[in-house]
Amino acid sequence: MVLGVDTELTLTAAGAVFLLALALGVWKYRQMATSDDHLAHPYVDIAHRSALMYSFATLLVAVFVELSAWPTAVNLAAAAVIVMFFVGAIASYVVHGALRDTTNQFAHPVRGTGLAMAALIVGEMGGFAVLFAGFLWGAFAS
């Protein structure tokens, strides 16, 4: 089976995010092994778990990219937006875990947090809606 470049790139992103999740698991383990309460910082734990979930979510995105009836550029753009927000979320969790500056980033949000969350919602849901519509179009419009 020959995959489209859009699918190949999305699968590459899934693999990279999964590898990141495994590395974050090492960081989490190290904090658990060395802390007095044997717990990692909450955002280290969140970064690890979210990276695991986002890696598998990116695999799901890759399936819809491959099965979408839309042009490669549309599928790639939609997948890229989704993955960009996945990675951005993980990065923010890593920063909070490294700085140990909060256990709840919404308790004292920085300027622009609401706008960033709105963009995340629109980007992730919109990107997937494009891919899902492409799948439905290809599966049922023919």
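The values are calculated or read from the model by the stated rules, or taken from the named source; none is laboratory data. Bear in mind the structure is a predicted one, so any value in this text is a computation, not a measurement. Heads up, the Cβs are rebuilt from the backbone with ideal geometry, glycines too, and the neighbour counts pull from every protein chain shown. SASA here: full protein model, heavy atoms, side chains in, ligands and nucleic acids out. Shrake-Rupley method; radii C 1.70, N 1.55, O 1.52, S 1.80 Å.
Condition check ((1) over 19 Å from Leu3 (Cα atoms); (2) in contact (Cβ under 8 Å) with a residue 12 or more places away in the chain; (3) not in a helix (DSSP H, G or I)) across all residues:
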{"position": "Gln31", "(1), (2), (3)": "yes, yes, no"}
{"position": "His48", "(1), (2), (3)": "yes, yes, no"}
{"position": "Tyr54", "(1), (2), (3)": "yes, yes, no"}
{"position": "Ala79", "(1), (2), (3)": "no, yes, no"}
{"position": "His96", "(1), (2), (3)": "yes, yes, no"}
{"position": "Thr102", "(1), (2), (3)": "yes, yes, yes"}
{"position": "Met117", "(1), (2), (3)": "yes, no, no"}
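Of everything in the range 90-110 that is touching a Ser or Thr at 6+ places or on another chain (Cβ under 9 Å) and open to solvent by less than 70 Å² (accessible area, probe 1.4 Å), the residue that is farthest from Ala21 (Cα to Cα) is Gln105. Is it the case that Ala141 is at pLDDT below 95, of a type in the set (Gly, Ala, Ser) and over 16 Å from Ile46 (Cβ atoms)? In short, yes.
Across the range 4-18, which residue is surrounded by the most Cβ atoms within 10 Å (Cβ to Cβ) among those that are in a helix (DSSP H, G or I) and either small (Gly, Ala, Ser) or in contact with a His (Cβ under 7 Å, 6 or more places away or on another chain) (or both)? If we take residues in the range 4-18 being in a helix (DSSP H, G or I) and either small (Gly, Ala, Ser) or in contact with a His (Cβ under 7 Å, 6 or more places away or on another chain) (or both), then Ala13 is surrounded by the most Cβ atoms within 10 Å (Cβ to Cβ).
Say we look at the range 19-56 and pick out the residues that are of a type in the set (Ser, Thr, Tyr) and exposed (fewer than 13 other Cβ atoms within 10 Å of the Cβ); which of these is nearest to Thr103 (Cα to Cα)? My answer is Ser35.
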